[in-house]
Amino acid sequence: MGIIGKMRGELVDIIEWIDDSRSTLAWRFPRYNNEIKNGAELIVREGQQAVFVYRGQLADQFGPGHYQLTTESLPIMSTIQGWKHGFNSPFRSEVYFINRRPVTDLRWGTPNPITLRDPDFGMVQVRANGLCVIRIADPEIFLREVIGTDSRVGSEELAELLRRVIATAFSDMILETGVGAIDLQGKQVQLSEQLRGYVQTRIDDEFGLSVESIEMNISLPDEITAAMTRGVARGVEERGFTNNVGDMQRFQQGRAADAMLGAAQNPGGSAMGDLMGAGMGMAMASQMANQFGQAGNAPAQTPPPVPAAVSFHIEQNGAAAGPFTVDQLRGAITATTLVWAPSLTGWTPAGQVPALSSLFAPTPPPLPPQAPPTPPPTAQ
């Protein structure tokens, strides 16, 4: 027997796992003929759990601590091997170390868009992605269903499996809850916790894992996002498009009018522009006629309220002041004074705001002095 053979034949005295990564979920202690010396030391660190497996059967488990392996500390192993009076010879067993710390780097996403029925937009396709935090909750199930005979199990081996489980659970949750497309983004926190419950029921008994948390980001189609950003839909409420039929009709009429107006103003297609302009005029005339016809039968309406005066905030000594009306700002600011109002995109020099242009209109210069009148000539 060579030196290598003698080294492999040495009995194990200290069993421990020193791991500096958070991605390894399970690791099998290197086996030298599976022989462990009687009285060997077992060191289990915080966040770990040691599991002894004998002939494919799970035997004893040890939490964090320092142990001496004897008959008393291995009750199940002693029963399996029949050590009624203790053992003096080495015993054979596989030792697995299980990582009980949460794994926080698991990213997931829907490989294909999920189609749902929206009450306002019809059939809509949405996507979702995020982070998932998992932890081994039941080492026995995890050993039986995941580890098998592997010497090491990393989080990357479970990533693809969990991604499929989460994507399927997300699809089932969306279809069962019946939430609309726009409401999805407003309820992401609530739906994330609901999705965690869907996933937990599917991996608890199957893999022995616990889902600590799920973060979710839902992506809507570009056309819906653009419509929300522009605010072109008059029926937009805090939770999405309203179900009011009149508001939706006004939105569609506005979009049609914009399309006809754009075609009528197209300099490259005069004939088409004329036709579209004529069509737009006929449509507007028909609509006005309908409105006048309805107005004859409709009760008298009260006039709308007088619009509120536009007010502005101004910058004074590095701080915001206001709001002030246009009349209050007359003579108090210059054209370079920064002002802000809800209609502006940001702080803007007052001279560039059309509503304040009257404050900086040039004043006429003073009239030139007039020469004194020439006295009439005296008579000779």
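Scanning segment 58-93 for residues that are surrounded by fewer than 18 Cβ atoms within 10 Å (Cβ to Cβ), modelled with pLDDT of 80 or more and within 24 Å of Ile147 (Cβ to Cβ) returns Leu58, Gln61, Gly63, Pro64, Gly65, Tyr67.
If only residues of segment 8-26 that are closer than 18 Å to Tyr54 by Cβ and surrounded by 15 or more Cβ atoms within 10 Å (Cβ to Cβ) are counted, the one that is modelled with the lowest pLDDT is Val12. Of a type in the set (A, V, I, L, M), modelled with pLDDT of 70 or more and surrounded by 13 or more Cβ atoms within 10 Å (Cβ to Cβ) - does that describe any residue in segment 295-318? Yes, segment 295-318 has at least one match. Among all residues of segment 152-160, there is at least one that is touching a residue at least 60 places away in the same chain (Cβ under 8 Å), of a type in the set (Ser, Thr, Tyr), surrounded by fewer than 20 Cβ atoms within 10 Å (Cβ to Cβ) and over 30 Å from Thr71 (Cα atoms).
Looking for something at pLDDT 70 or above, aliphatic (A, V, I, L, M), more than 41 Å from the chain's Cα centre (by Cα) and loosely packed, with under 10 Cβ neighbours inside 10 Å - is there at least one such residue anywhere in segment 343-365? Looking through segment 343-365, at least one residue is at pLDDT 70 or above, aliphatic (A, V, I, L, M), more than 41 Å from the chain's Cα centre (by Cα) and loosely packed, with under 10 Cβ neighbours inside 10 Å.
Scanning segment 133-156 finds one or more residues that are in the same structural domain as Ile214 (by TED's automatic domain parsing), within 16 Å of the chain's Cα centre (by Cα) and either at pLDDT 85 or above or among the hydroxyl-bearing types (Ser, Thr, Tyr) (or both).
The residue that is farthest from Arg22 (Cα to Cα), among those in segment 34-48 that are among the aliphatic types (A, V, I, L, M) and at pLDDT 90 or above, is Leu42. Quick one: how many residues across segment 13-41 are of a type in the set (A, V, I, L, M, F, W, C), assigned to a strand (DSSP E or B) and touching a residue at least 40 places away in the same chain (Cβ under 8 Å)? Counting residues in segment 13-41 that are of a type in the set (A, V, I, L, M, F, W, C), assigned to a strand (DSSP E or B) and touching a residue at least 40 places away in the same chain (Cβ under 8 Å) gives 5.
The values are calculated or read from the model by the stated rules, or taken from the named source; none is laboratory data. Everything quoted here is computed from the prediction, not taken from an experiment. Reconstructed Cβ throughout: ideal geometry from the backbone, glycine too, with neighbour counts over all protein chains shown.
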